[in-house]
Amino acid sequence: MKLNIVLVEPEIPQNTGNIARTCAALGAKLHLVYPLGFSISEKQVKRAGLDYWDKLDIEEHINFKEFLEKYKPEEHNMFFVTTKGKHVYSEPDFSKMDEVFALFGKETKGLPEDILQKYIDKTIRIPMREGLRSLNLSNSVAIVAYDIFRQANFDNLEEISSYFD
């Protein structure tokens, strides 16, 4: 299983740092779609990602249009994570997919509305109580990413902690 986490115009450096750390732990590729609300060299990003930056595969994209031209949603297993998603994040059968793209929008606005409408059948959501806006971006990425790997039986991840050996 190859997992791609795509952050479209993230705004908060600490979220991106935490997400980078999650991606490193899973071996997932992190795609950063510009414009960013910060520089990836900022100390808040580096601090949140700790010493995992050298273990991370990052691809940067100049804008969302360029990303969608390079990785066409019609040709890839692409899922758009949004509070307005048609499906719960655990519904798709990720275990049968060789590669998955999970896209997350900016903290203040999410993904572009026209994209969500165009790919409505590929939208997924994390259930939560009515009346609440959303979960923190880094928490949302962790929930979705780990469920994708859970469905794939945590393929290529450590199964037993060596702590007790």
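The values are calculated or read from the model by the stated rules, or taken from the named source; none is laboratory data. Please read these numbers as outputs of a predicted model, since none were measured by experiment. Positions of Cβ are generated from backbone atoms using ideal geometry, with glycine treated the same way; all protein chains shown enter the neighbour counts.
One table, with the values for the structure above:
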item: Enumerated helices (runs of 4 or more DSSP H) restricted to the stretch 1-103, each holding at least 1 residues that are in contact with a helix residue (DSSP H, G or I) (Cβ under 9 Å, 6 or more places away or on another chain) and closer than 20 Å to Ala142 by Cβ; result: 13-26, 43-49
item: Hits in the stretch 54-89 - residues which are surrounded by 14 or more Cβ atoms within 10 Å (Cβ to Cβ), touching a Pro at 6+ places or on another chain (Cβ under 9 Å) and polar (S, T, N, Q); result: Asn77
item: Any chance Lys118 is closer than 22 Å to Tyr71 by Cβ, at pLDDT 95 or above, touching a Ser or Thr at 6+ places or on another chain (Cβ under 8 Å) and surrounded by fewer than 17 Cβ atoms within 10 Å (Cβ to Cβ); result: no
item: Residue check for Asp98: closer than 18 Å to Leu26 by Cα, within 17 Å of the chain's Cα centre (by Cα) and surrounded by fewer than 13 Cβ atoms within 10 Å (Cβ to Cβ); result: yes
